[in-house]
């Protein structure tokens with residue numbers, strides 16, 4: 001009920017390409033869906049987040065697509081750059097649950113020149 | 001604005017010992033969360049403190065405990081260390097109760113149990 005499933009586990013994309021990471025959740029009470037970016041040796045940094053009342057949110061090259069009926073959401077990174085190479089985590093939380101985050105297992109993205 | 005700070009950066013302990021990890025939240029944030037990031041297992045929720053009280057804990061044994069001080073900083077204690085406790089321990093803070101939901105992470109404490 002509390003799981004968030006993330007795929008793929010790893011992803012290699014050419015520079016300038018589109019990186020797509022997918023997540024699926026089970027708990028329909030989740031109402032906040034952030035994506036975090038983590039570089040080696042660093043803590044995760046909030047990248048972008050969405051609430052289920054919208055189907056898409058875009059910030060620069062990063063877009064979240066949200067499908068409430070399918071209980072799925074995805075991160076699209078447009079014009080992927082080598083500097084985007086990192087591990088990406090999707091997460092979900094209940095606002096009433098104190099912002100405790102349930103994380104996906106992470107996707108290692110490598111953007112090649 | 002200073003971010004979430006954690007200390008120490010690295011900690012090496014022997015099996016059976018106790019470890020104490022510290023976290024200072026972003027100024028104005030009252031909630032502190034602890035997560036364990038073990039190799040290959042993603043981030044697992046450990047504990048949530050708000051206003052000095054433990055509000056929720058994850059599926060971890062009681063030897064994982066902590067507290068939050070009046071200045072909202074927090075301590076995570078791990079007793080009777082086991083080899084599988086080796087992981088990156090991450091602290092996050094959030095302005096819970098202010099209508100905002102962002103959680104900001106520190107750089108973590110790498111705990112190695114030998």
Quiz item: Does segment A:2-20 contain any residue that is at pLDDT 95 or above and touching a helix residue (DSSP H, G or I) at 6+ places or on another chain (Cβ under 8 Å)?
Solution: yes
Quiz prompt | Filter result for the condition that a residue is crowded, with 20+ Cβ neighbours inside 10 Å, more than 23 Å from residue B:46 (Cα to Cα) and within 14 Å of chain B (Cβ to nearest Cβ), over A:64, A:21, A:77 | solution = A:21
Quiz prompt | Among (1) in contact (Cβ under 8 Å) with a residue 40 or more places away in the chain; (2) outside any loop (DSSP other than H, G, I, E, B); (3) more than 21 Å from residue B:94 (Cα to Cα), the one test that residue A:17 misses | solution = (2)
Quiz prompt | Restricting segment B:4-13 to residues that are over 12 Å from the mean Cα position of the chain (by Cα) and part of a strand (DSSP E or B), the residue that is nearest to the other protein chains (Cβ to nearest Cβ) | solution = B:10
Self-check item: Conditions (1) under 11 Å from the mean Cα position of the chain (by Cα); (2) within 14 Å of chain B (Cβ to nearest Cβ); (3) on the phi < 0 side of the Ramachandran plot: number failed by residue A:106
Solution: (3)
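The values are calculated or read from the model by the stated rules, or taken from the named source; none is laboratory data. Just so we're clear, the structure is a prediction, and the values are computed from it rather than from any experiment. For neighbour counting, all protein chains shown are included, and Cβ atoms are generated from backbone atoms with ideal geometry for every residue, glycine included.
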